[in-house]
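**Q** My questions will all concern the structure given below.
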Amino acid sequence: MKNKSLRKMSLNTMQKIAVGFLGVILLGAVLLWLPVSNQEPIAFADALFTAVSAVCVTGLVTITPAVQFTVIGKGILLVLIQIGGLGVIACMVAFFLIIKKKITMKERVVIQQTYSLDTLTGMVQFVIRILRGTFVVEGIGALLYSIRFIPEYGLVEGICYSVFHAVSAFCNAGIDILGSSSYVGYVKSPIVSFTTIFLIVIGGLGFPVWHDIYTNTKRVIIQRQPPRRLFMRLKLQTKIVLTMTAVLLIAGFLGFFVLEYKNPETMGGLNFWQKLMASGFQSVTTRTAGFASVSQAGLTSGSKLLACILMFVGGSPAGTAGGVKTTTVAMLLLTGVGVLKGKRDTECFGRKIEPSVVRSGIAIILLTFLFWLSGVTLITVLEPGIDFMRIMYEVTSAMATVGLTADLTPELSRISQAVLMVLMYVGRIGPITLALVFAGRANSASQLRDLPEKRIMLG
């Protein structure tokens, strides 16, 4: 009886997340479709695609937001991005706090399962810290952006541009209101490039990592311990996230720098230091942000393949980023290394990772890959005249909720755009939903069975 109730609770949590995102998307599409939101009439399909892209914090668009939407439309777009970045659950808690509604035990369990926390204690305070931290970081980003945007666009418009792009960058949405060229015009601007990099990285680390770093940093300072003690005190997930993030960013930076150094369509015309900055920006933005400081269509085939790999990995769990997540890939690599070394368990930083987590991670990667492969296959069949690499780049960008585009999305047919919408939605809720599903299975009655063991041949 207990197992059944737990399984039901997990399923309800999954459904709330999935239906919550879908509801926000549909409402956002209707609002963006209204005449008051548009400079000129817009097809509902384009409004729906934009809403999906905003809520799923992707960044792919079929129209140019800067030209298409009015101030009201851009405001609605900003709200959708913020909800998509924070997540339905965090926004629900924020709404309850505003209307002073008590957070029930059932809702606390939903929060716990969404953010994979160990205890039910302090759930509401955890979400409050998320909200407070989000607005503080976005505020810092807006102030930094304003150094460049206010002199260029004037006080009022410059502030609006700064706030919008700070929210979009932190939420890893990649949607801009600068025009069709994204950040290409700011490739030589250190303030815009480094502010964007800062916001993307912070947003992609994940809220539990924030909490862990903040808690242990405060503890180290109060106890006057040496800084090297900080990393030792961090949770295993935080250590893996920070390590994988650093490795992927450095690998991406070096890869893009070498591959695009002499490419006249991207970085060939920049000086050495500007090439370093552009390479760093490209490495960071492929981690599900979607802003572009160089032409994505002009990238070499090697760079596009590298970008696809980085996009597929994405950011970290319980954050604003998409992809299969850094921890999932790290777990898979560690499992492979363990097998090669003849180890029985998956180990990391002197700790054993639970077998159930390993199985869930493998399942998430497998199912995500199957969705990706299905998307590539469908659009290849539907759009036979388009280069395969461009299709793969666009599908990977949608599935990983990145938003980088090889200038393909507006050219696609409506049915191909519908495929991208499905991929964006699955990419945004998929890892969370799948994690909840497989966690629930651990409590099912089938786990009590003890079946005979048999070997099969592998490899």
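**Q** Considering every residue within region 111-125, establish whether at least one is without any contact (Cβ under 8 Å) to a residue 60 or more places away in the chain and over 24 Å from residue 89 (Cα atoms).
**A** no
**Q** Ok, one more. Quickly run through region 53-82 and pick out the residues that are under 14 Å from the mean Cα position of the chain (by Cα) and part of a helix (DSSP H, G or I). Steps first, please.
**A** Filtering region 53-82 for residues under 14 Å from the mean Cα position of the chain (by Cα) gives 53-60, 81-82.
Hits for region 53-82 are 53, 54, 55, 81, 82.
**Q** Still on this structure, I have one more. Could you grab me the full set of residues in region 385-407 that are farther than 18 Å from residue 301 by Cβ, assigned to a helix (DSSP H, G or I) and among the small types (Gly, Ala, Ser)?
**A** Matches in region 385-407: 398 only.
**Q** How many residues are at pLDDT 90 or above and either more than 26 Å from residue 79 (Cβ to Cβ) or among the polar types (S, T, N, Q) (or both) if we restrict to region 192-217?
**A** Total meeting the criteria: 4.
**Q** Which residue, of 43, 47, 66, 90, is touching a residue at least 40 places away in the same chain (Cβ under 8 Å), closer than 27 Å to residue 394 by Cα and of a type outside the set (Asp, Glu)? Steps first, answer last, please.
**A** On the way: 43 fails: touching a residue at least 40 places away in the same chain (Cβ under 8 Å); 47 fails: touching a residue at least 40 places away in the same chain (Cβ under 8 Å); 90 fails: closer than 27 Å to residue 394 by Cα.
When all the criteria are applied, what remains is 66.
The values are calculated or read from the model by the stated rules, or taken from the named source; none is laboratory data. Nothing here was measured: the structure is a model prediction, and the numbers come from that model. Positions of Cβ are generated from backbone atoms using ideal geometry, with glycine treated the same way; all protein chains shown enter the neighbour counts.
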